[in-house]
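The values are calculated or read from the model by the stated rules, or taken from the named source; none is laboratory data. Since the structure is predicted, the reported quantities are computational estimates derived from the model, not experimental observations. With ideal geometry, Cβ positions are generated from the backbone for all residues, glycine too; neighbour counts draw on all protein chains shown. Side chains are part of the model used for accessible areas, which takes the heavy atoms of the whole protein and leaves out ligands, DNA and RNA. Shrake-Rupley method; radii C 1.70, N 1.55, O 1.52, S 1.80 Å.
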Amino acid sequence: MADLPDLKVRVGPLNLKNPVLTASGTFGYGAEFAPLMDLNRLGGIVVKGISLRPREGNRPPRIVETPCGMLNAIGLANVGLEAFLIEKLPWLRRLGTAVIVNIYGHSVEEYGEVAAGLRGADGISAIEVNISCPNVKQGGMAFGTDPDMSARVTARVVKAADQPVIVKLSPNVTDIQRIAMAVEDAGADALTLINTLTGMAIDIERRVPRLANVSGGLSGPAIRPVALYMVRQAVKAVHIPVIGVGGIMDYRDALEFLIAGARAVQVGTANFVHPRSGLHIVGGLTDFCRAHGIPAIEEIIGTLREE
Amino acid sequence: MGLKSPEMAAAAVPGQFVMIRVRQGMDPLLRRPFSICRADGDLILVLYRVAGRGTGILSEMRQGGSLNVMGPLGRGFGRPFGGGRAVLAAGGMGIAPLLFLTDSVWPGACDLLAGFASSDQVIRPDRVGLFNVGMSVATDDGSQGRPGTVADLLEEHLSDMDPEPVIIFACGPIPMLKAIAGIAMRRDIPCQVSLEAAMACGLGACQGCAVKASGRGDRAYWHVCQDGPVFDARDLDWGAF
């Protein structure tokens, strides 16, 4: 198969077999999707955000469909660090693809504790730090919207972790470049952007918010142009690699992000619509490269022609 | 609506559902869950009433068209050990999974009770090709059958029944399920309910379809798509709905 294009990408210290990852919170702990596809054909899996202690999540209703997208306020429900290490990681470790563990905390110290708890654990390719989830009142938002707090969380995780550290940024900010640079300066190995955009929906008959949490995170193709622009802004502002995410539904969408300079992409809401979206995108990228005589996907990355 | 899929028809058990993409394109984006109403040869049957955009688009489908369908999904109805009769209580479109149950699991050994808003909303078993299934009907406006709700029908039915049913299966809107579960629990009759919930993935990944657990187990929430859609009535926190 000498004519197969080379889809391998380097994302800082991370080597991926292809640039397609599944986004945190949309792919469970991987095992949920194992009966439906060969997970090893993905570039990697980003698991559901892990916190120090288990979290039940928010009261329902937790999701509502919106034009070309959806709002979610799951509330970061997860099994917690200990159960993740005992129940989830041994299974993930056996996969032949990168496993990236998304983490979050309610204080700078707690971020450090989760990262420290993952130290020495076999089978983790990288840590992705969620500083932007808009759903939990005590945490998330405050860090990701402030450059100094973003930097402090980053530095604390970098110090505690023995794996590469990727920081996932919030789009709900006035200047994404300032945050990106602050996180880079604090020692992050890579950036992921964007997380969901904060929004709400109202039931006009009952005149109540359609989410019990009132607000939620908007995802899906509706946010893709915003995500693409922010990725482009970040790529221009930092030297560390950027992973693009936001409304990617097919290989064409993925290519937009790669051309804008993202070194890998994450597929999120698309997994809900078609569980095999990630694999379809891998296939689509392969076909695109072949059709255009491109020997390696790396040759596409960052090739946007701007005046 | 009949969907031709020999694999799904062979695999489906009563209480399970399918996730249907009503059309290609980005809007509406998400699949919609539908109970499987019958598996008949190569077909699975799905009942729907036009209630929103998704079902509106579905209603424009023509015979021979194709749809992207994922399933069967979820845990279906369980069967208690031993013999005895079952009572099936349906509210409106909630009759769908119960028809599947009468057809394949409890032929001749169950009593089907169903409540509808009015006579024009009544769905009879013969609508989906079940010609030997009897059904007692109640309507809210009294335009057909007993005036009142399916819960009224159930109370009456149980007072005439000796011995009591070994189990009650129910599907319908939440207030109706609440009433049925209340009756069953008061009489100490096992009761399984099939829930409907907004869901994005149907696979347990998005955790969007959470319902509050009763605290009998170690979980705070169940996910309707994966832990259900059928639940033991005692495993749900009915006060939280």
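Averaged over its residues, how many other protein chain Cβ atoms are within 10 Å of peptide B:23-29's Cβ atoms?
6
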- prompt: Among A:Arg224, A:Arg232, A:Arg252, which one moves the most in a GNM of chain A with springs linking Cα atoms closer than 10 Å?
  reply: A:Arg252
- request: For B:Ser104 and B:Asp42, compute 0.36 nm times the residue count separating them, minus their Cα-Cα distance, and round to one decimal in nm.
  value: 20.8 nm
- line: Once the mean of 1/r over all distinct C-alpha pairs in region B:86-137 is inverted, the Kirkwood radius in Å reads 10.9
query: Between chains A and B, what is the buried accessible area summed over both chains (1.4 Å probe, protein heavy atoms, nearest 100 Å²)?
result: 2200
Average other protein chain Cβ within 10 Å of Cβ, residues A:21-30: 2
Protection proxy ranking of A:25-36, A:95-106 - average other beta-carbon atoms within 10 Å, highest first: A:95-106, A:25-36
field: Highest-fluctuation residue, B:Leu29, B:Leu177, B:Leu195 considered, GNM on chain B with Cα pairs under 10 Å
entry: B:Leu29
- request: Please give the calculated 222 nm ellipticity per residue for the protein assembly as shown, where each DSSP H segment of at least 4 residues contributes -39500 (n - 2.57) and the sum is spread over every residue; nearest 500 deg cm²/dmol?
  value: -7000 deg cm²/dmol
statement: chain B: relative contact order from alpha carbon pairs under 8 Å, six or more residues apart, as a whole percent, is 18
query: Using modelled backbone amide H atoms (1.01 Å from N, in-plane), which distant-in-sequence or interchain residues come within less than 5 Å of A:Lys8's amide H?
result: A:Ile297
query: Cα-based Rg (one decimal) and Dmax (whole number) for region B:120-241, in Å?
result: 16.2, 46
message: Can you report the principal axis dimensions of region A:1-111 using only the alpha carbons, biggest first, rounded to whole angstrom?
response: 53, 37, 29
- request: Provide Rg and Dmax in Å for region A:173-220, with only Cα atoms included in the calculation.
  value: 16.2, 50
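How much area per residue is accessible in chain A when the probe is 1.4 Å and only protein heavy atoms are counted (Å²)? Walk me through the numbers on the way to the answer.
Values: 12230 Å² over 307 residues.
Accessible surface, normalised per residue, equals 40 Å².
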query: What is the Rg over Rh value, at two decimals, for region A:129-245, using alpha-carbon atoms and the Kirkwood definition of Rh?
result: 1.03
- request: Express the accessible area of region B:145-241 per residue in Å², computed with a 1.4 Å probe while the remaining protein chains stay in the model.
  value: 40
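Output the Kirkwood hydrodynamic radius of region A:185-288, Cα pairs only, in Å rounded to one decimal.
It is 14.9 Å.
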field: Taking the convex hull of Cα positions in region B:8-83, its mean projected area over all directions (nm²)
entry: 6.3
- prompt: Over the protein assembly as shown, what percent of the accessible surface lies on carbon and sulfur atoms, probe 1.4 Å?
  reply: 50
- prompt: Amide H neighbours of A:Gly247 under 5 Å, counting only residues 5+ apart in sequence or on other chains, H built in-plane at 1.01 Å?
  reply: A:Gly220, A:Gly268, A:Thr269
- prompt: If you wrap a convex hull around the C-alpha atoms of chain A and split its volume per residue, what is the figure in Å³?
  reply: 131
task: Could you work out how far apart the two model spin labels at A:Lys236 and B:Ala11 are, taking each label as a point 7 Å from the Cα in the direction of the beta carbon, and quote it in nm?
output: 4.8
message: On C-alpha positions alone, give me the angle between the axis of helix B:95-104 and the longest principal axis of chain B, in degrees, nearest 10.
response: 80
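What is the antiparallel percent of DSSP beta bridges lying wholly in the protein assembly as shown, to the nearest 5? Please report the intermediate quantities before stating the final value.
Values: 39 of 89 bridges.
Expressed as a percentage, antiparallel bridges in the protein assembly as shown total about 45.
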statement: Computed on Cα atoms only, the convex hull of chain B has an orientation-averaged projected area in nm² of 13.3
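Show me B:214-226, B:157-169 ranked by packing, highest mean number of other Cβ atoms within 10 Å first.
Averaged packing, sorted descending, gives the order B:214-226, B:157-169.
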- request: Give the Rg/Rh ratio for region B:119-160, taking Rg as the radius of gyration of the Cα atoms and Rh as the Kirkwood radius, to two decimals.
  value: 1.01
field: From phi via Karplus (6.51, -1.76, 1.60), per-residue ³J(HN,Hα) for region B:190-202 in Hz, x at Gly/Pro
entry: x, 9, 10, 10, 9, 9, 10, 8, 5, 9, 9, 9, x
query: Per 20 Å bin from zero, what fraction in whole % of the C-alpha pairs of the protein assembly as shown is there, up to the bin with the longest pair?
result: 21, 49, 25, 5, 0
statement: Computed ³J(HN,Hα) along region B:139-149: with the Karplus parameters 6.51/-1.76/1.60, θ = phi - 60°, integer Hz and x for glycine or proline, the list is 10, 4, 9, x, 6, 8, x, 6, x, x, 10
message: Residues of region A:61-84 that become at least 50 Å² less accessible with every protein chain present than in their own chain isolated, using 1.4 Å: which are they?
response: A:Arg62, A:Ile63, A:Glu65, A:Cys68
- prompt: Given H placed 1.01 Å from N in the peptide plane, which residues other than close sequence neighbours of A:Ile131 have an amide H under 5 Å from its amide H?
  reply: A:Lys168
- prompt: Which length gain, in nm to one decimal place, applies between A:Asp162 and A:Ala121 when the Cα-Cα distance is subtracted from 0.36 nm times their residue separation?
  reply: 13.8 nm
message: For the pair B:Asp141/A:Asp203, report the inter-label distance in nm, with labels modelled 7 Å from Cα in the Cβ direction.
response: 2.4
- line: Links exceeding 32 Å between C-alpha atoms in this model, out of A:Lys48/B:Lys4; A:Lys88/B:Lys178; A:Lys17/A:Lys88; A:Lys8/B:Lys4; A:Lys17/A:Lys168, come to A:Lys48/B:Lys4; A:Lys88/B:Lys178; A:Lys8/B:Lys4
For chain A, with +1 on Lys and Arg beta carbons and -1 on Asp and Glu, the positive-most of A:Gly268, A:His292, A:Ala212 along the dipole: A:Ala212
